[in-house]
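For reference, the structure discussed in these notes is given below.
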Amino acid sequence: MDPRLIELGPDDALFPDWCGVWAAAQLADRPDEAPRSAAEHVALGRELVADGGSRTGTHRAAVVDGAVAGALRLILPLRDNGIVAILDLAVHPDHRRRGIGSALLAEALALAAAHGRTDVIADVDEPGPDSPGRGFALRHGWTCDLLETRRDLVLPVAEDRLAALETEARAAGAGYDVVTWRDRTPDDLLEDRALLARRMTTDVPQGDLPVEEEDWDGARLREHEAASLARGRAVLSAGAVRDGRLVAYTDLQIPLAHPERAQQAGTLVLREHRGHRLGARMKVAVLREVAARFPSVRRISTYNSESNRPMVAVNEALGFRPAGHFSAWSVRAPAT
């Protein structure tokens, strides 16, 4: 039976079941981790349909025999990357290999084309070598444009390890101060932090993804921070400052509903300030903040391209160990 595709909003009656598909899919792939909460999906859904944001989006549910069996979210950037659409797709484990994912994918491509988006991007979590998402992407002719290694750090980290890294990093980074904050960037650092967000889209490995530099300013950063709070995430940050200017940052996101596992959201040092062990120094500072503010966090996950050897070396020195992969895929309209 072909699924019935229904457009949903975050406050519709079927949206909790839509969220349930995501939870079931994530539990099937990583049974030892709590899935993203329904409240997070609702908050993101409301963000995407609100006016004046930097992105918009739409949701579809695949319904079979009255039950939601598949979930689609399509995100459309508005300030940059005007030919790109970002696809999130999940099928309940009980309904896989029945054409539901293919029907949702066809719907997503049609929606993207209707909005003038010729390139569609999707991420795949790969806890093992035979992940369902990779197989689905390959069957549909998508191209893997970026492969990253997931590494996990079990907490707490031994104090002698942190102290040794901090001492080495301080010696290499004389003249730089490290500051920390939670959830909201200090006003005097806002525009510098926005520049770092912009450079994050050009200065870290992006593989062959069809993306361009993102347009970030202070207003967009505040929008992003508000969205994280609405989604129930605490964000612990550290930055490196020289001569009053923020030249590096790292962010760690903690889902308050399930704080046992936190996720590294991004780390960047401006090119002209690299080579001073600022990445290590900032990450040590954030780990100390986690221990003080959120002792219930037991594991941190981070994702890096293997080509980003300096950051991989920092993470390995802290004790991060491989725990699977993350891949980014695309399908592009033929050139005319």
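Before moving on, here are some points about what is shown:
- Residue check for Val63: open to solvent by 20 Å² or more (accessible area, probe 1.4 Å) and either within 17 Å of Cys19 (Cα to Cα) or hydrophobic (A, V, I, L, M, F, W, C) (or both): no
- Test: residue in the range 243-263 that is of a type outside the set (Lys, Arg), under 30 Å from Thr143 (Cα atoms) and touching a Pro at 6+ places or on another chain (Cβ under 9 Å): yes
- Residue list for the range 200-225, restricted to those being open to solvent by less than 50 Å² (accessible area, probe 1.4 Å), part of a helix (DSSP H, G or I) and under 23 Å from Asp119 (Cα atoms): Met200, Thr201, Asp203
- All of Val120, Val157 fail the test of being open to solvent by less than 20 Å² (accessible area, probe 1.4 Å), among the β-branched types (Val, Ile, Thr) and at pLDDT 95 or above, apart from Val120.
- Test: Asp51 is more than 30 Å from Thr201 (Cβ to Cβ), open to solvent by 50 Å² or more (accessible area, probe 1.4 Å) and charged (D, E, K, R): no
- Filtered by the rule that a residue be more than 29 Å from Phe326 (Cβ to Cβ), open to solvent by less than 50 Å² (accessible area, probe 1.4 Å) and part of a helix (DSSP H, G or I), the range 165-188 gives a lone residue, Ala172.
- Listed by first and then second residue, the pairs with beta-carbon distance under 8 Å, at least 6 apart or on different chains, first residue in the range 190-211 and closer than 25 Å to Glu306 by Cβ and of a type in the set (Asp, Glu), second part of a helix (DSSP H, G or I) and open to solvent by 50 Å² or more (accessible area, probe 1.4 Å), are Asp203/Arg271.
- Pro16 falls short of the stated requirement of being closer than 28 Å to Arg97 by Cβ and modelled with pLDDT under 95.
- Matching residues, the range 320-336, being surrounded by fewer than 18 Cβ atoms within 10 Å (Cβ to Cβ) and modelled with pLDDT of 95 or more: Arg321, Pro322, Ala323
The values are calculated or read from the model by the stated rules, or taken from the named source; none is laboratory data. Predicted model only: the values in this text are computed from it and were never measured. Reconstructed Cβ throughout: ideal geometry from the backbone, glycine too, with neighbour counts over all protein chains shown. SASA here: full protein model, heavy atoms, side chains in, ligands and nucleic acids out. Shrake-Rupley method; radii C 1.70, N 1.55, O 1.52, S 1.80 Å.
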